[in-house]
Structure formats: C-alpha cells, structure tokens
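> Supplied in structure tokens, the structure appears directly below.
The values are calculated or read from the model by the stated rules, or taken from the named source; none is laboratory data. Keep in mind the model is a prediction, meaning the values are calculated, not measured. Cβ placement follows ideal geometry from the backbone for every residue including glycine, while neighbour counts extend to all protein chains displayed.
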Amino acid sequence: HCRANWSSDDSDNDSDGSGADCLYRVVLLGDHGVGKSSLANIFAGIQEKDAHDHTGEETYEKTMTVDGEETTLIVMDSWENEKQEEDEEWVQDYCMQVGNAYVIVYSITDRTSFESASELRIQLRRIRQAENIPIILVGNKSDLVRSREVAVEEGRACAVVFDCKFIETSASLHHNVHELFEGIVRQIRLRRDSKET
Ligand code: GDP
Ligand code: MG
C-alpha cells in the first residue's frame, strides 16, 4: 500500500478520483532553456510536433508501472513562465513547498545553469530542512557533445556533495528520460518503505 501524504501538505492529494493509491508531485526546477518542458512533454507522451498545442499546460499526470507496482506521478512544469512574471515569486515559493520529489535540471552546454542548479539545491534544503525529499540532478542535452561545458564527472561530484541522485539525459534523443522518471519512483518508494518500518 501507499502513503501519499508523508510530505508537508499533501493530505488532499489522493482525493482527485484518479483511482490510484499512490500519487506524488514531482517538481521540475532549473534555468530557462535547459529542457524542463521538453522532459515534461516526453513524460506525458506529447510529441514534439504537437507541443505547441500544449503551451498552457503545466502539470502532467501519468500512472507508471515500475518493478511491478503502479505509481502515479504529477509532473509540475510551473517553475518559470514568462507570461506570468508578476506571479513568479509566488509560484516559485509554492513549487518549493509542494513537491514530493524534485528534478533539478541544468544543460551540459551551459555552465551558468549548472551553477543555478547548486543554488536551487541549497534553497530547497533550506526550505524543506527536516524532510528527506528525493532530489535528482539532471544534466540534459547530452547529445550536444561538441558544446559541452560541464563534464559528467562534475555533475556526478555535485550530486555526491548534495546527497542526491544524478543522471544525464537527452530530451532530443529521448535518452535516459524514462530512466529518470523510473528513478524518481524508486527514490520515492525507498523513503516510503523506510518510514513504514
Ligand atoms: P525549458 O525552458 O527548461 O522548459 O526548456 P525547453 O524544454 O523549452 O527547451 C529549450 C530548448 O532546448 C528548446 O529549443 C529545446 O528543443 C531544446 N532542448 C531541450 N532538450 C534538449 C536536448 O536534450 N538536446 C538538445 N539538443 N536540445 C534540447
Ligand atoms: Mg519551459
């Protein structure tokens, strides 16, 4: 069985009639242009050619079967939205509060985005201090080998320092994207199971 409300304010998150026992919010964080929306679209099964029809969409729900058990993830891509600049601070505070798991994305072709990822990790730790939330650091755009600015080893080392998981992905090639979301499900379950014992 599942306990979806082990995080701060999730007491209502299994009441939406989806029929799933396990419902977890996964928040995508990271600089503009690193590939958050591309990863969210792949998660949701939205083809690139149709992506323009979904620009208003910011949350995606999907039930995944991982290791023979079903889990529903709600992926939130609301971190940055140019159209709502005046709301951004509120939205970002909200994102920091509601996630059951976090995906911090940077682009391997953009060192500034890698530095932002560290700042986001620190911010998250400060806001959600007491909680042991799953966090995955994602180096996206691994297909752009010639423009690489951040080595795989740097990403991995950063994840060790920040005590989180690490994976490099390519949204363009769909490489490691399903592995990323499966990894999140496994991280969530590990924490859930250790709480039950
Ligand atoms: P967001 O601002 O973080 O939501 O980033 P987007 O998903 O909008 O992606 C920004 C740009 O990077 C778009 O032009 C994408 O097509 C491109 N992009 C995203 N992921 C990849 C990737 O893995 N490889 C390459 N080559 N381009 C990517
Ligand atoms: Mg986006």
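> Quick one: in region 42-59, which of the residues that are within 14 Å of the chain's Cα centre (by Cα) and at pLDDT below 95 is farthest from Val27 (Cα to Cα)?
Checked region 42-59; the qualifying residue farthest from Val27 (Cα to Cα) is Ala44.
> Which condition number in (1) more than 12 Å from ligand 1 (Cβ to nearest atom); (2) farther than 24 Å from Glu182 by Cβ; (3) at pLDDT below 95; (4) of a type outside the set (Val, Ile, Thr) is the one that Glu119 fails?
Of everything listed in (1) more than 12 Å from ligand 1 (Cβ to nearest atom); (2) farther than 24 Å from Glu182 by Cβ; (3) at pLDDT below 95; (4) of a type outside the set (Val, Ile, Thr), Glu119 misses just condition (3).
> If Glu182 satisfies all but one of (1) within 16 Å of ligand 1 (Cβ to nearest atom); (2) surrounded by 14 or more Cβ atoms within 10 Å (Cβ to Cβ), what's the number of the condition it fails?
(1)
> Quick test of your reading of the structure: Ile136 fulfils all but one of (1) surrounded by 13 or more Cβ atoms within 10 Å (Cβ to Cβ); (2) in contact with a helix residue (DSSP H, G or I) (Cβ under 9 Å, 6 or more places away or on another chain); (3) at pLDDT below 95. Name the failing condition by number.
Single failed check for Ile136: (3).
> All but one of (1) in contact with a Phe, Trp or Tyr (Cβ under 7 Å, 6 or more places away or on another chain); (2) charged (D, E, K, R); (3) without any contact (Cβ under 8 Å) to a residue 12 or more places away in the chain hold for Arg121; state the number of the condition that does not hold.
Only one criterion in (1) in contact with a Phe, Trp or Tyr (Cβ under 7 Å, 6 or more places away or on another chain); (2) charged (D, E, K, R); (3) without any contact (Cβ under 8 Å) to a residue 12 or more places away in the chain is unmet by Arg121, namely (3).
> State which residue pairs qualify: first residue at positive phi and inside region 25-36, second residue among the polar types (S, T, N, Q) and within 6 Å of ligand 1 (Cβ to nearest atom) in any location, beta carbons under 9 Å apart, and separation of 6 or more residues or different chains.
Note: pairs meeting the criteria are Gly30/Asn140; Gly35/Asn140; Gly35/Ser170; Gly35/Ser172.
> Go through Glu85, Glu89, Glu70 for me and flag whichever is among the acidic types (Asp, Glu), at pLDDT 90 or above and away from ligand 1 (no atom under 14 Å from the Cβ).
One residue alone meets the criteria, Glu70.
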